[in-house]
Amino acid sequence: MREPRRVMAALLAGTILTGASTAGLAQTTPSATATPPQAIAEPAPQGPQEIVVTAQKRAENLQNVPISIQALGTQKLDELNVSNFTDFTKLLPSVSFQTSQPGSTSVYIRGAASGGDGNHSGSLPSVGVYLDEQPITTIGGNLDVHIYDIARIEALSGPQGTLYGASSESGTLRIITNKPDTSHSYGGMDVEGDTVHSGGKGGKIEGFYNAPLSDSAAIRLVGFYEHDAGYIDNIPGTRTFCDGTPACGPGITINNADLAKKNYNDVDVYGGRAALKIDLNDNWTATATVFGQDQKNHGTFGQDPLLGDLKVQHFLSDSTHDRFLQGALTIEGKIGNWDLTYAGAYLVRKINAASDYTDYAEAYDALYASYGGLAGYFYYKDNGGNQIKPLQHVIGTDKFNKISQELRISSPASEPFRLVGGLFYQRQYHNIRQDYQVVGLADALSVNGFPGTLWLTQQKRVDRDYAAFGEAAWDITSNLTLTGGLRYYKFDNSLIGFFGFGRNPAGPPYNAAGSSRTGVAACYNTDGTTVRSNPGGTLIPADEAGAPCTDLGVFENGKVVPKHNKDDGFIHRLNLTWKADRDHMLYATWSRGFRPGGINRRASIPPYKADYLTNYEVGWKTSWFDHKLRWNGAVFVDDWKNFQYSFLGANSFTEIHNGPNARIKGIESDISLYPVRGLSLTATGAYLDAKIRNNLCATDDPTFQCAGTGDSVVAPKGTRLPVTPKFKANATARYEWEVGSGKAHLQAGLTHSSSASSALRIGTSTTDQPPQLKGYDLVDFALGYAWSNFTAEVFMENAFDKRAQLSAFEECGSCSQRPYYVVYRPRTIGVRFGTKF
């Protein structure tokens, strides 16, 4: 058990060390009176009004980039105490997401969301996430990178496929780290302690240190540990299942006395980053980086409103252990006056998870009540033939590795005709294991060779991407520029393995579910027959270790090979930019992004195809009053063709289909007032009208009339796309004033989000609505003081203790009796200290 006093003791020790020694590591908001040169992000801004970004693969002033882009720099990230994905997406109104817990998140931009993504057999993401030059978007979703010593976060709205490729269909998020600096040694350290209303206590300690090794080499080290307090209680309770008779009398009763606990859902995360930069000569630089993070989530992060505020009632343990390690190498140099860049990375990620699946038993016990519930319809028996608890505990292991390589060349940025071109390769591997365990289940009723396993998924998924890209910009006149880009892509995605129940040779029953078709029954024999059609055949050995055999694949020449989905094509970007003067710019863009197709694991469902998003956009970048006021924005129409959507179908199988078309109309804008007499203001907002343009049918219907036998409309034409609110906005006000030898500040922030649906499909009747996410307003406050090389701040997040609903989910496709809501953390009050040296 992790006691809050241990966390606070560690933070206190860190604070003492900070005051006693200058050998610690850290970063805070720049001091009013002393900030070491280059201690802030690189490349350093030339003034408070200038932000340098690399969205177009070149270092450029944000105001000169004809893309709808928001950038959060080092100072802003520090001021707003941003440390994770939820923190920074709150500040980006065009960004929305689905999540079930920290680290398990699917992100969307501009409302291009169909819901249901993030499953191990689901679609690839529609938003690319990058750490420096390397993509870190894995098949199951993006990494939740701890935010510290970060130069900036860039959010690029709209298709970025020309320069960023697959999975940047609707936008791209880029996390840019601070790089090693050869000028001098410096560092910093930050500590924080906090308490959560109706929850526990948490905190974090973070530090960084930059050290030159010579005139041409430097190293930068970053370390962090964070404990997030829990705030959801697993309350005591019981569930009673039918006794197996048609009357459905009371049978087995279970309780969770051994798991009942307050503040059930705490998180521990630690990690670090080491970067080495070497100037090979005057023109060539190599930067090698290693980033590792280890995160442990305990409990569940969805509250059950049927039980009350911030409460759940789970009967089996819930936990997730998510860790990753990425090694990256970037080499930059010149060939003549052209810039050449190589960026390569290798990422390894492993997730171990345990999930309570009692809701599945509850739902199906009620569904089969007239048969006596699970006890009467299924075969939950032990080796002695006795009835056992029908509870399933899902034990999951996901192993990812990913290699990406990009080589690009660009002409001088000062020329009137500029080129960027390159080659890209990426391979993602995902080993999937989902073990649905029932304690005491008879060997003969389990998956063959795995006693106690009712259902097993053991699969290997490999996604490959190849691309060649180029973009050219031509200054037609001194204030009119035409840019065109083209990307050739090719993808090859494959899936092979096992999924399903076991098969008892002496059956029926063949397994605890009584299924005679799924699992071992569908595995291949050496002659191409299946076990079901030819029980006496010779079984082909399992392709994947940890499986009894192979039922997902294609039989060829006496063996089973992976199923493949391949395609290639072109996507484009065309942009015209007009600069009325150095402070006012107008641009128009026509661009297209895509997301690769893939394989459905249910053999009766065909592969799903790539989907495409075409963007028509007009935007502006303006600065006013000697750069004291900045106003940027864009209006756009996005056409999303045959979008992929995932849902839990029969037997809670994930299915991915290509649906109808959707149209997204919107406007996004941000305005910043830089300090005027100590007061600075920022406001961002996005309005999105995202709707499907045809009926979504219960089965695939290319006419979208839903007129087939047994077909029905599960989402009628005009239904809003899910997850994304119609309107989202964020505003921050900060006032600074001189006090003694330092500077005090008072800060307030407001985030508003309107309501949204959690899923697209409304079911087979208009009364079967998915859970709705209510609108919310979150307010944050901070009061602090900076002096010499130190900072201190008291803060209050979610000051009015609102239950902001971020996501909703159900444990299975038939578990509508018990929806869960992931809510923003309750009111949190804390104090943080920092120093730089």
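Could you check region 574-602 and list, in sequence order, the residues that are open to solvent by 40 Å² or more (accessible area, probe 1.4 Å), of a type outside the set (A, V, I, L, M, F, W, C) and within 18 Å of Gly619 (Cα to Cα)? If the condition is that a residue be open to solvent by 40 Å² or more (accessible area, probe 1.4 Å), of a type outside the set (A, V, I, L, M, F, W, C) and within 18 Å of Gly619 (Cα to Cα), then Lys579, Asp581, Arg582, His584, Arg592 are the ones that fit. Taken over region 173-184, the criterion of being open to solvent by 20 Å² or more (accessible area, probe 1.4 Å) and under 28 Å from the mean Cα position of the chain (by Cα) is satisfied by Lys179 alone. Test Ile664 against the criterion of being open to solvent by less than 30 Å² (accessible area, probe 1.4 Å), out of contact with any His (no Cβ under 8 Å at 6 or more places or on another chain), outside any loop (DSSP other than H, G, I, E, B) and of a type outside the set (S, T, N, Q), and give yes or no. The answer is yes for Ile664. Selection of first residues in region 185-198 that are open to solvent by 20 Å² or more (accessible area, probe 1.4 Å) and of second residues that are among the charged types (D, E, K, R), restricted to Cβ pairs under 7 Å at least 6 apart or on distinct chains, gives the following pairs, ordered by first then second residue: Thr195/Lys201; His197/Asp801; His197/Arg827. Among the residues of region 293-313, are any among the basic types (Lys, Arg), touching an Asp or Glu at 6+ places or on another chain (Cβ under 7 Å), assigned to a loop (DSSP other than H, G, I, E, B) and touching a residue at least 12 places away in the same chain (Cβ under 8 Å)? No, region 293-313 has no match at all. Within region 637-661, restricting attention to residues that are charged (D, E, K, R) and open to solvent by less than 50 Å² (accessible area, probe 1.4 Å), which residue is modelled with the lowest pLDDT? Per the stated criteria, the residue is Glu655.
For region 702-735, a residue qualifies if it is open to solvent by 10 Å² or more (accessible area, probe 1.4 Å) and assigned to a strand (DSSP E or B), and the qualifying residues are Val713, Arg720, Phe727, Lys728, Ala729, Asn730, Ala731, Thr732, Ala733, Arg734, Tyr735. Applying the set (1) open to solvent by 20 Å² or more (accessible area, probe 1.4 Å); (2) in contact with an Asp or Glu (Cβ under 6 Å, 6 or more places away or on another chain); (3) part of a strand (DSSP E or B) to Thr699 leaves exactly one unmet item: (3). Scanning region 454-469 for residues that are touching a strand residue (DSSP E or B) at 6+ places or on another chain (Cβ under 7 Å), outside any strand (DSSP E or B) and closer than 30 Å to Leu259 by Cβ turns up nothing. Looking at Ser168, is it in a loop (DSSP other than H, G, I, E, B), in contact with a helix residue (DSSP H, G or I) (Cβ under 7 Å, 6 or more places away or on another chain), surrounded by 23 or more Cβ atoms within 10 Å (Cβ to Cβ) and polar (S, T, N, Q)? Yes. Scanning region 470-508 for residues that are farther than 26 Å from Pro606 by Cα and assigned to a strand (DSSP E or B) yields a count of 16. Selection of region 72-119 for residues being among the hydroxyl-bearing types (Ser, Thr, Tyr) and open to solvent by less than 30 Å² (accessible area, probe 1.4 Å) yields Thr74, Ser83, Thr89, Ser94, Ser96, Thr99, Thr105, Ser106, Tyr108, Ser114. Restricting Asn263, Asn281 to those that are under 30 Å from Lys389 (Cβ atoms), open to solvent by 20 Å² or more (accessible area, probe 1.4 Å) and part of a loop (DSSP other than H, G, I, E, B) reduces the list to Asn263. Do we find that Ala748 is outside any loop (DSSP other than H, G, I, E, B) and either under 22 Å from Thr86 (Cα atoms) or not small (Gly, Ala, Ser) (or both) in this structure? Criteria met by Ala748. Applying the criterion of being touching a strand residue (DSSP E or B) at 6+ places or on another chain (Cβ under 7 Å) and surrounded by fewer than 18 Cβ atoms within 10 Å (Cβ to Cβ) to the residues of region 676-686, the residue that is nearest to Ala707 (Cα to Cα) is Ala683. The residue list Gln437, Gln428, Gln458 contains one member that is touching a Lys or Arg at 6+ places or on another chain (Cβ under 9 Å) and either open to solvent by 50 Å² or more (accessible area, probe 1.4 Å) or under 20 Å from Phe653 (Cβ atoms) (or both), which is Gln458.
Could you grab me the full set of residues in region 349-385 that are farther than 22 Å from Ala442 by Cβ and in a strand (DSSP E or B)? Matches in region 349-385: Arg349, Lys350, Ile351, Asn352, Ala353, Ala354, Ser355, Asp356.
Residues in region 413-425 that are in contact with a strand residue (DSSP E or B) (Cβ under 9 Å, 6 or more places away or on another chain) and open to solvent by 50 Å² or more (accessible area, probe 1.4 Å): Ala413, Glu415, Pro416, Phe417, Leu419, Leu423, Tyr425.
A search for C-beta distances below 6 Å between a residue of region 784-807 that is within 30 Å of Leu310 (Cα to Cα) and open to solvent by less than 30 Å² (accessible area, probe 1.4 Å) and any residue that is part of a strand (DSSP E or B) and of a type in the set (Gly, Ala, Ser), counting only pairs 6+ apart in sequence or on different chains, returns Glu793/Ala782; Glu793/Gly784; Phe795/Ala782; Phe795/Gly830. Pairs meeting the criteria (first residue in region 205-219 and in contact (Cβ under 8 Å) with a residue 12 or more places away in the chain, second residue among the charged types (D, E, K, R) and in a strand (DSSP E or B), beta carbons under 6 Å, at least 6 apart or on different chains) are Glu206/Asp190; Asn210/Arg220; Ser216/Asp279; Ala218/Lys277.
The test for being at pLDDT below 90 and either closer than 30 Å to Ala229 by Cα or surrounded by 24 or more Cβ atoms within 10 Å (Cβ to Cβ) (or both) does not hold for Gly158.
Looking across region 532-546, the residues that are over 13 Å from Ala522 (Cα atoms) and open to solvent by less than 50 Å² (accessible area, probe 1.4 Å) come down to Glu544, Gly546. Of the residues examined, Ala9 is one that is among the small types (Gly, Ala, Ser) and at pLDDT below 80. All of Tyr346, Tyr377, Tyr371 fail the test of being under 29 Å from the mean Cα position of the chain (by Cα) and surrounded by fewer than 22 Cβ atoms within 10 Å (Cβ to Cβ), apart from Tyr346.
The values are calculated or read from the model by the stated rules, or taken from the named source; none is laboratory data. Quick caveat: nothing in here was measured; it's all calculated off a predicted structure. Positions of Cβ are generated from backbone atoms using ideal geometry, with glycine treated the same way; all protein chains shown enter the neighbour counts. Side chains are part of the model used for accessible areas, which takes the heavy atoms of the whole protein and leaves out ligands, DNA and RNA. Shrake-Rupley method; radii C 1.70, N 1.55, O 1.52, S 1.80 Å.
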